[in-house]
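Take a look at the structure below.
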Amino acid sequence: MTAPHQTGHAQFTAAIPAAYDRYLGPVIFDPYARDLAQRVKRYAPKRVLETACGSGIMTRRLLEALSPDAGLTATDLNPAMLDHARAAIGEDSRVSWEVADMCDLNFESGSFDAVVCQFGVMFVPDKAAAFREAQRVLLSDGRFLFNVWDAIDKNRFAKIANETITEFFPADPPTFYQTPFGFHDSKLIRKMLETAGFTGINDVVVSTRSQAANAEDFARGLVEGNPVINEIQARGGVIADEVVRELAARITKQLGGRPVPVHLQAIVFEAQAGG
């Protein structure tokens, strides 16, 4: 069942892609992009589909890992994210860009050796449909690799952000952070993958340590680099800079300031398409 707010939580539009890429990309997304790209590399796929490519962080690492004769189709639901990714990566004959819905992919069945998704499935309204579509567009021995954030309690940076933002709006708190950190039940996800036709399903918890250059930039990313900024602006009465300042102060107090040590925990899934 999809919460009514979830579609809005997937709207990475306007200035969000730039803030996402600048303030959050190097700190919380690139470490897992490197990890996932190396897992993909083991299968030496020639035709790869990336869904929910976002600002191109995973796309960049895939291009580094794939062979020179491989082809990569990078897709995202948000044209603004796709435009940012295309501009950031520049020309590479191996990659093509398309706006695409993970629940209704406009590709023929059996088109790819691998489907890859970095922190995207949590935002999909119909996750079962997205898994079925990934299975459909894969060859019979193709691989589906993706990651999701573990619980928010295991990602303290996100918990601090959520608690800080919530306190500004006690009567009607923004709920964005429930979405990226709300889909981490490994047993449920494995069952959904099996139902979609996948076999050989493996999952592993991956913990790592990263760091942000300073609390101010990290806080700005956590406020303005995702759709929680839309929720803040829609409620009114509080300006984003005020939230950023308070969050930066709390990050400094609870984690550190220059640099900020950041503990991350996610779950990585690998599955094989059925025959």
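The values are calculated or read from the model by the stated rules, or taken from the named source; none is laboratory data. Just so it is clear, the model here is predicted, and its values are computed rather than measured. For neighbour counting, all protein chains shown are included, and Cβ atoms are generated from backbone atoms with ideal geometry for every residue, glycine included. What goes into the accessible areas is simple: the full protein's heavy atoms, side chains included, and nothing from ligands, DNA or RNA. Shrake-Rupley method; radii C 1.70, N 1.55, O 1.52, S 1.80 Å.
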Tally time: how many residues in the range 66-81 are under 24 Å from Phe123 (Cα atoms) and either touching a helix residue (DSSP H, G or I) at 6+ places or on another chain (Cβ under 6 Å) or surrounded by 18 or more Cβ atoms within 10 Å (Cβ to Cβ) (or both)? 9
Leading residue by the ranking (nearest to Gly120 (Cα to Cα)) among those in the range 20-30 that are modelled with pLDDT of 95 or more and open to solvent by less than 40 Å² (accessible area, probe 1.4 Å): Phe29
Sort out which residues of the range 191-213 are open to solvent by 70 Å² or more (accessible area, probe 1.4 Å) and either under 30 Å from Ala19 (Cβ atoms) or free of Cβ contacts under 8 Å to residues at least 40 places away in the same chain (or both), and write them in order of number. Lys191, Glu194, Val205, Arg209, Gln211, Ala213
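Tell me the residue from His84, His9, His5 that is open to solvent by less than 10 Å² (accessible area, probe 1.4 Å) and modelled with pLDDT under 95, please.
On the way: His84 fails: open to solvent by less than 10 Å² (accessible area, probe 1.4 Å); His5 fails: open to solvent by less than 10 Å² (accessible area, probe 1.4 Å).
Of His84, His9, His5, the one residue that is open to solvent by less than 10 Å² (accessible area, probe 1.4 Å) and modelled with pLDDT under 95 is His9.
What tally of residues in the range 245-275 results from selecting those that are surrounded by 23 or more Cβ atoms within 10 Å (Cβ to Cβ) and either touching a Leu at 6+ places or on another chain (Cβ under 9 Å) or not hydrophobic (A, V, I, L, M, F, W, C) (or both)? First the steps, then the outcome.
Kept after step one, since they are surrounded by 23 or more Cβ atoms within 10 Å (Cβ to Cβ), are these residues of the range 245-275: 247, 251, 260, 266, 271, 273.
Subsequent filtering for residues that are either touching a Leu at 6+ places or on another chain (Cβ under 9 Å) or not hydrophobic (A, V, I, L, M, F, W, C) (or both) retains 247, 251, 271, 273.
Residues flagged as surrounded by 23 or more Cβ atoms within 10 Å (Cβ to Cβ) and either touching a Leu at 6+ places or on another chain (Cβ under 9 Å) or not hydrophobic (A, V, I, L, M, F, W, C) (or both) within the range 245-275 amount to 4.
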Could you please find all residues in the range 39-65 being part of a loop (DSSP other than H, G, I, E, B), surrounded by 22 or more Cβ atoms within 10 Å (Cβ to Cβ) and at pLDDT 95 or above? Pro45, Ala52, Cys53, Gly56
I'd like to know if the range 155-176 contains one or more residues that are in a strand (DSSP E or B) and in contact (Cβ under 8 Å) with a residue 40 or more places away in the chain. no
Is one or more of the residues making up the range 228-250 within 18 Å of Phe119 (Cα to Cα), in a loop (DSSP other than H, G, I, E, B) and touching a helix residue (DSSP H, G or I) at 6+ places or on another chain (Cβ under 8 Å)? no
